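Worksheet: one structure, shown below.
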Amino acid sequence: MKRYITRISWVTRLIASAVVVLFSQHALAVGTDAGTTISNQAQVDYNVGGNPQTFILSDPAGNSIPGDALTSGALATTFVVDNRVDFTLVESGFIGHTVVTPGQNGEFVQFTLQNHGNSTQDFRLVATNLVGGIVAGQTDTEDMSGITVYVDNNGDGLTTATDPNFVEELIEGDSVDIYVVATAPVTMANGAAANINLQAIVADAGGPPGLGADTTDDAGSADTAGIDVVFAEGLFASGGTVFTLGDGILDAQDGFIGSSAALSITKTASLISDPFNGTGADRKAIPGAVVEYVISVANSGAEVAEDIVITDTLSTEITIVDDYFGVGGEVQIDNDGAITLCSQEAPDTDNCSFAAGALSVGADSAIDVDPATTLTITFRVTIN
Amino acid sequence: MKTIQRLAIFSALALFTTGAVAQETAQEVPTGHLLVKTIVQKEEVVIDDNGDQKVQLVDARVVVPGDEVIYTVTFQNISDAAADNVVITNPIAADLVYVDGSAFGPGSNIVFSVDGGQTFAATNELSVTENGTTRPAEPRDFTHIRWQMQNEIPAGTQGVARFRARLQ
């Protein structure tokens, strides 16, 4: 039986964790503010019988009383500019999957939400693990835990406990960065992806501080005087040419990718000699024959595999060749060229132990296997 | 709010045709020769019973930036005398941009202003000076539209002036 344990250093921090500082960007307001009253009043001048008459102003219901608005009571023809909800939600900051080591927390994926509408809006945010599916070429096989949303309302580029998990009062044209922080599974495999979906739901601004209620489409009760809602998210993204009514909800995806050790282990047995044929070509695996075992642990991953322990259950029909590598040296440990020997004799503090018919290597002091290196354990036995 | 008063009076007259008090009040309101009305609408694509797309004008209930609205001014001669030299002047709201070529009015000569309604001229005669350079006026420069009716409006008849504008 073979067993290996990897534990990755918590201090490993990769370039991707460099904090990207982006402040809220101001852009030109997009369109006339919702709620603006647009007025129009025509004036008609005329003569009757060659004599100029007092002008008459228009009224939505018709007016025939001459004179100014005060005199005639004529009203302007008005409408109120309605709320065109339009926004974009895109991956930002480090583009591509954020690298995480197994169990790592504090890493984030970043999104930017920009309000292209004509009204200040709140946005409710929901971040979830995608189950399956491909994001940026990476197929989702892992799930993050402790997914937490931080909205960088203060523009400091940092995720702090006081950052809200919703977008508060984002004015027309402005954008804000959103960080989704999560913890990688402790077993996250090297190269495995955990994809994240962030959903933004437009919500009503104004009112007391805090997230407003989800904005609802009141097209059914639309009127000329009040502010109606038109869900046109995607209009800006399309270059203003496609006006497909939406639902005030947008999704964007990003993900984390595991950076871990990736170990493979092999064990080979070579017949060295037998008591009759020596090392000759006719040697046989008969009692008294010598067999050399080589256990190889290769790390093809990106991280150091730490605290490796290799356990090899030995047959009761074999006996370790004593002092094969010299006095007190029954097992050779070759860690990428760094060779140590260990012994089956007591005291058992030399990183090998032979307990209950099993060889255990690495129990007494840590063995780390660097990326792209191989740990080789060699010992010889005789067949009983 | 004399219009409201007056509407109320008409209602009263309809109910009490011999109402002396109401008649006296009505006589205090001077009435001109034309009934002038402005409505604002927008185009809406609807699917008719045959499944065909049809564009129709509806009330401008829902208007968001980028939408076009259509203003229609009607002027009905409600007097016994013909009105002549009828001129309709319509400002274009600051948040609206006139849609080029959209002004329409049967029997009218249409001119525009780029100076807040002080002077009017045909579109190709208007220019704007910005930062010391003069360029031909564009629709976004127009502040007012004026329809100069070429013919008199006989008693009992109605004229119409219309234009489109896009909400910025």
### Task
Return the total of residues in segment A:281-329 being out of contact with any Leu (no Cβ under 6 Å at 6 or more places or on another chain), part of a strand (DSSP E or B) and either on the phi > 0 side of the Ramachandran plot or among the small types (G, A, S) (or both).
2
### Task
Would you check which residues across segment A:137-169 are open to solvent by 10 Å² or more (accessible area, probe 1.4 Å), assigned to a strand (DSSP E or B) and either more than 15 Å from A:V109 (Cβ to Cβ) or outside the structural domain of A:I201 (by TED's automatic domain parsing) (or both) and list them?
A:T139, A:F166, A:E168, A:E169
### Task
Output the number of the condition that B:N124 fails; it satisfies all remaining conditions of (1) part of a loop (DSSP other than H, G, I, E, B); (2) open to solvent by 40 Å² or more (accessible area, probe 1.4 Å).
(1)
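If you go through segment A:49-65 one residue at a time, how many are assigned to a strand (DSSP E or B) and surrounded by fewer than 20 Cβ atoms within 10 Å (Cβ to Cβ)?
Here is the first cut: in segment A:49-65, the ones assigned to a strand (DSSP E or B) are A:51-52, A:56-57, A:59, A:63.
Pick out the ones that are also surrounded by fewer than 20 Cβ atoms within 10 Å (Cβ to Cβ) and you get A:51-52.
Within segment A:49-65, residues that are assigned to a strand (DSSP E or B) and surrounded by fewer than 20 Cβ atoms within 10 Å (Cβ to Cβ) number 2.
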#### Entry: Among the candidates A:S300, A:S264, A:S259, A:S296, residue that is under 21 Å from A:L375 (Cβ atoms), of a type in the set (S, T, N, Q) and open to solvent by less than 20 Å² (accessible area, probe 1.4 Å)
A:S259
### Summary
Subset of segment A:47-82, residues more than 7 Å from chain B (Cβ to nearest Cβ) and among the charged types (D, E, K, R), comes to A:D68
#### Entry: Residue in segment B:49-65 that is nearest to A:R84 (Cα to Cα), counting only those that are touching a strand residue (DSSP E or B) at 6+ places or on another chain (Cβ under 7 Å) and within 7 Å of chain A (Cβ to nearest Cβ)
B:V64
### Message
Just the residues that are at the interface with another protein chain (Cβ under 7 Å from one of its Cβ atoms) and not hydroxyl-bearing (S, T, Y), please, taken from segment B:70-81.
### Response
B:V73, B:F75, B:I78, B:A81
### Summary
The condition from (1) within 14 Å of chain A (Cβ to nearest Cβ); (2) of a type in the set (V, I, T); (3) crowded, with 19+ Cβ neighbours inside 10 Å that B:V114 misses is numbered (1)
### Query
Hey, does segment A:78-88 have a residue that's open to solvent by 20 Å² or more (accessible area, probe 1.4 Å), over 30 Å from B:A165 (Cβ atoms), assigned by TED's automatic domain parsing to the domain that holds A:F236 and not aliphatic (A, V, I, L, M)?
no
### From the options A:Y46, A:Y4, residue that is crowded, with 19+ Cβ neighbours inside 10 Å and at pLDDT below 50
A:Y4
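The values are calculated or read from the model by the stated rules, or taken from the named source; none is laboratory data. Remember, it's a predicted structure, so these values are computed and weren't measured experimentally. Positions of Cβ are generated from backbone atoms using ideal geometry, with glycine treated the same way; all protein chains shown enter the neighbour counts. All accessible areas refer to the heavy atoms of the entire protein, side chains included, with ligands and DNA or RNA removed. Shrake-Rupley method; radii C 1.70, N 1.55, O 1.52, S 1.80 Å.
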